[in-house]
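Remarks on the structure that follows.
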């Protein structure tokens, strides 16, 4: 039993009720504005992965770029932070901790031998507001703890400033919030949130990564569906109420989404409008949770609207600019008259797709190399050998690397669903397409459709050799890998 008491988890989980859908005009949303937003994202990024726009508590517009789909979860990266903050809010409301509690209070066995005054002064509220006193993000050092004790490693990092300033984005601080919640409740944040947040909102199938010691990573690692993001945002828009029942204390919603610390002064940047408890303040009176490569939960109180987005983009400000430039002006106080714009929008949304690999369906080279194996010298990518087989408009790629053997089939002109292990032993849903961009060059495009990542593998054949190159659409480091040369061995 957790410290919160048995009444929280008693009884079956409530059955998920679908969010109500309505024509955008009936909610005062101009369908032409939504269409302009979608087309702008496609022009600059090739599209998003999904979006859902809520107005007055109902879905005004929604879309998924195939092979992304409503039933699939999506990695949230740092959007996870807003959920961790919510767990802290629950723990505060249940009297298990206070934002004024000192961080060291929770970890007496992990305290460093020499405690600086700044570390001793660090409180829960400093973790929440990214004002821990660190000069730089402590995450890289924290997750590289040799013994897997991230808490101890975080506490061992130098705290150069008095907590409270400056603002330094620090995912490890959110991990510490997760560790604190687990310390005072006896369960992981995911399990703690399930009866308090996920079940009341009808969120099912959420998963969350853990550290080597079994603590949810907090600052990243949560995966949920697009509609789940929208439900979460709507809960905050309604100041913690859901279906007429109080879920989160209103005081926590107000505190968490208010400007608690300054993080800059650029009036044109949505990253310099202030920071709350793991929520960013935005322009236009809005606030949001967000995650790397374009995961957003944008709450617009002045418009009574919520926008959930998943994507794989490199310029997150550009997406927000499109929201303000296209969607915001399209939200009206009163319902609009029905127009042909609704039909055009629905037709567009019904045909959304991530662009497949362009090129020819076949090449004379295909017959020569089909079924042949190309081996590679030892390399940093751990790629041992590849075999390609061609039949009709399909290409079956078999890869042997440090994880063993993987086989994936790609189709010309459309996405072919499949699975592949990204991080053993787990398998991820993927989809692949392939085309010949030149008579000697095959390109295979693989969409990891529960993540932001789309990888492109290029094979250029020359006699008994193949030059292999791989790149991804987005990444925290280099997105292009060094070319490798393989030789035909069978």
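At a glance:
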item: Checking residue 392 against (1) more than 30 Å from residue 63 (Cα to Cα); (2) touching a helix residue (DSSP H, G or I) at 6+ places or on another chain (Cβ under 9 Å); (3) free of Cβ contacts under 8 Å to residues at least 60 places away in the same chain, the condition it does not meet; result: (2)
item: Index of the failed condition, residue 381 passing every other in (1) at pLDDT below 95; (2) assigned to a helix (DSSP H, G or I); (3) in contact with a strand residue (DSSP E or B) (Cβ under 8 Å, 6 or more places away or on another chain); result: (2)
item: Those residues of region 68-102 which are surrounded by 24 or more Cβ atoms within 10 Å (Cβ to Cβ) and farther than 20 Å from residue 218 by Cβ, in sequence order; result: 68
item: Matching residues in region 133-147 - criterion: being assigned to a loop (DSSP other than H, G, I, E, B) and under 24 Å from the mean Cα position of the chain (by Cα); result: 136, 137, 138, 144
item: Filtered residue count, region 446-479, keeping only those that are surrounded by 18 or more Cβ atoms within 10 Å (Cβ to Cβ), over 26 Å from the mean Cα position of the chain (by Cα) and either on the phi > 0 side of the Ramachandran plot or touching a residue at least 40 places away in the same chain (Cβ under 8 Å) (or both); result: 4
item: Options 399, 356, 386: the member that is out of contact with any helix residue (DSSP H, G or I) (no Cβ under 7 Å at 6 or more places or on another chain), surrounded by 14 or more Cβ atoms within 10 Å (Cβ to Cβ) and modelled with pLDDT under 95; result: 399
item: Test: residue in region 196-214 that is at pLDDT 95 or above, surrounded by fewer than 18 Cβ atoms within 10 Å (Cβ to Cβ), more than 21 Å from the chain's Cα centre (by Cα) and part of a helix (DSSP H, G or I); result: no
item: Answer residue from region 38-57, given it is touching a strand residue (DSSP E or B) at 6+ places or on another chain (Cβ under 8 Å) and outside any loop (DSSP other than H, G, I, E, B) and is farthest from residue 315 (Cα to Cα) among those; result: 55
item: Residue list for region 69-126, filter: outside any helix (DSSP H, G or I), touching a strand residue (DSSP E or B) at 6+ places or on another chain (Cβ under 9 Å) and over 30 Å from residue 354 (Cβ atoms); result: 98, 99, 100, 101, 102, 122, 123
item: Residues within region 229-252 that are in contact (Cβ under 8 Å) with a residue 40 or more places away in the chain and part of a helix (DSSP H, G or I), tallied; result: 9
item: Those residues of region 103-114 which are surrounded by fewer than 15 Cβ atoms within 10 Å (Cβ to Cβ) and either in contact with a helix residue (DSSP H, G or I) (Cβ under 7 Å, 6 or more places away or on another chain) or closer than 16 Å to residue 174 by Cβ (or both), in sequence order; result: 112
item: Test for residue 442: is it crowded, with 19+ Cβ neighbours inside 10 Å, without any contact (Cβ under 8 Å) to a residue 60 or more places away in the chain and farther than 18 Å from residue 354 by Cα; result: no
item: Selection within region 152-184 - part of a loop (DSSP other than H, G, I, E, B) and either over 12 Å from residue 142 (Cβ atoms) or not assigned by TED's automatic domain parsing to the domain that holds residue 132 (or both); result: 158, 159, 160, 161, 162, 163, 164, 165, 166, 167, 168, 169
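The values are calculated or read from the model by the stated rules, or taken from the named source; none is laboratory data. The structure presented is a predicted model; accordingly, all values stated were derived computationally and were not measured. Note: ideal-geometry Cβ built from the backbone for every residue, glycine included; neighbour counts use all protein chains shown.
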